[in-house]
Amino acid sequence: MTPSFEHDRDLAWQIMRASLLAVEPAQAVRNALRRDGDTLSLGDRTYDLARYRRIFVVGAGKASAPMARAAEEVLGHQLTAGVVNVKYGYTDVTAKIALREAGHPLPDENGLAGTREIVRLLESAGEDDLVLCLISGGGSALMILPEDPITLADYQALTQALLRSGATINHINTVRKHIERVKGGRLAQVAAPAEVATLILSDVIGDPLDAIASGPTVPDTTTFADALDVLQRFALLETVPASIVDWLQRGQQGEVPETPKPGDPLFERVATVVIGSNDVAARAAVAEATRLGFSSLLLTTYLEGEARDAGLLAGALAKELLLRRRPVSPPACLILGGETTVTVRGGGSGGRCQEAALAAALSIDGLQRALVVALATDGSDGPTDASGGMVDGRTAQRAREKGLDPRAALANNDSYALLREVGDLLVTGPTNTNVNDLLFVFALPG
């Protein structure tokens, strides 16, 4: 990441770096997966590596390549083989684990092919084998295997419709889990009777295990009826492919099996540990901001809703800091974590963090010493090369001076072009981690 603009913005970059370093995937794996000779420890479980015939590593996610590299380092020569699906460009160097690059957020043929490799590997696993499963954000799109009547094109159409509808990741994954063969605990079914240990870098608010990457190795708490309710709630029953609606209706009527639920004996041989999360990143940001002299406060890691509303909230907090000196005195840094959504109504380009930043820029228009940063921790905000936006009290004015209308851009969901034009686009490149988004509200010194 390259710092940009004034000294104050350099400080913001420094705080962002600290938050990302705290959830660096390889180190998180090393911290969680401890080895002493042939004894491997994960959470409250230990594994005698000498008793396993084979050890496999599988997984998927935007942060799963460095996780795979670290797992190889820990397991050494006792690792047999592995397959992990990663986003294009989010790869690493591994020896025995095959890293398959695939599409995200829209699944593609490579993701399908990589998932089939994973399934073939796990279908060979027996009772005396150990499977290490590495899961991070983006895993839902990267590890896909739709049920037989549902084509990849059908699945892609569903994904696009859900992403544009304003549905949360929990809603989206509720549907995904019920039209696939590897989500909602069903990857654990494929691996059975092998023992399974899952390491998760969480990208879902509150870290619900069955929602992260659609919970491939944990019990599913949702049903076919819940999946149909999601499509109805977002008015998608008539617009998504008929094969998907038909499959969900068959499931609701009991014609196809439900996903495995809590209490299923299947999960007695499965251990799951969250090794990194939005909360870890946010607390690291607070520590670094405090070290740099800011009065710092973590307000929430449960930020949800429309991105532009989150931007308005950030603007309101900036005004409260600078005009009322609450809830802490300037210079100050307030931090919010979570993940918002965008209901697409226009034809522009952007992402949830860029949209939040543009809305914040309008809210703090003319407010001196205000700075708002919206960061997608994976470095990829929507279908763009940006990771968010960094705006101040002059962003909107700079746009107008260039003949741009920031309100019209927001209405057209066109935050990317405007922020790029005024130099307030945030570009980190791939961070190789993914723990939701961070929103920073600064009252700068001066």
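The values are calculated or read from the model by the stated rules, or taken from the named source; none is laboratory data. Note that the coordinates shown come from a computational prediction; the quantities given were computed from them, not determined experimentally. Because the Cβ atoms are built from the backbone with ideal geometry, glycine has one as well, and the counts that use them run over all protein chains shown.
For the reader, a short list of remarks on this structure follows.
- Note on region 187-207: among residues that are farther than 13 Å from Ile135 by Cβ and under 21 Å from the mean Cα position of the chain (by Cα), the one that is surrounded by the fewest Cβ atoms within 10 Å (Cβ to Cβ) is Gly206.
- Tally, over region 321-342, of residues that are crowded, with 19+ Cβ neighbours inside 10 Å and more than 30 Å from Ala161 (Cβ to Cβ): 7
- Meets criteria (within 30 Å of Ala70 (Cβ to Cβ), modelled with pLDDT of 95 or more and assigned to a strand (DSSP E or B)) for Leu121: no
- Counting only residues that are in contact (Cβ under 8 Å) with a residue 40 or more places away in the chain and not in a strand (DSSP E or B), region 192-234 holds 30 of them.
- No other residue among Gly338, Gly348 is at positive phi and within 25 Å of the chain's Cα centre (by Cα) apart from Gly338.
- Where Gly263 falls short, out of the listed (1) over 30 Å from Gly185 (Cβ atoms); (2) at pLDDT 95 or above: (1)
- Number of positions in region 41-71 that are surrounded by fewer than 24 Cβ atoms within 10 Å (Cβ to Cβ), in contact (Cβ under 8 Å) with a residue 60 or more places away in the chain and either in contact with a Lys or Arg (Cβ under 9 Å, 6 or more places away or on another chain) or on the phi > 0 side of the Ramachandran plot (or both): 3
- The number of residues in region 349-402 being in a helix (DSSP H, G or I), basic (Lys, Arg) and touching a residue at least 12 places away in the same chain (Cβ under 8 Å) comes to 2.
- Test: residue in region 87-98 that is of a type in the set (Gly, Ala, Ser), assigned by TED's automatic domain parsing to the domain that holds Ala191 and surrounded by 19 or more Cβ atoms within 10 Å (Cβ to Cβ): no
- Within region 208-239, tally of residues that are buried (at least 22 other Cβ atoms within 10 Å of the Cβ), hydrophobic (A, V, I, L, M, F, W, C) and closer than 25 Å to Val119 by Cβ: 6
- Lone unmet requirement of (1) in contact with a strand residue (DSSP E or B) (Cβ under 6 Å, 6 or more places away or on another chain); (2) surrounded by 17 or more Cβ atoms within 10 Å (Cβ to Cβ) for Thr290: (2)
- Note on region 90-114: residues that are closer than 18 Å to Leu134 by Cβ, part of a loop (DSSP other than H, G, I, E, B) and in contact (Cβ under 8 Å) with a residue 40 or more places away in the chain total 3.
- Among residues of region 149-177, those that are within 15 Å of Arg233 (Cα to Cα) and outside any helix (DSSP H, G or I), counted: 3
- Subset of region 152-165 (residues that are closer than 19 Å to Glu304 by Cα and buried (at least 17 other Cβ atoms within 10 Å of the Cβ)): Leu162, Leu163, Ser165
- Sub-8 Å Cβ pairs linking a first residue in region 320-331 that is under 19 Å from Leu298 (Cβ atoms) to a second residue that is at pLDDT below 95 and in a helix (DSSP H, G or I), at least 6 apart or interchain, number zero.
- Within region 263-283, the set of residues being surrounded by fewer than 19 Cβ atoms within 10 Å (Cβ to Cβ) and either outside the structural domain of Ala125 (by TED's automatic domain parsing) or in contact with a helix residue (DSSP H, G or I) (Cβ under 8 Å, 6 or more places away or on another chain) (or both) comprises Val273, Arg283.
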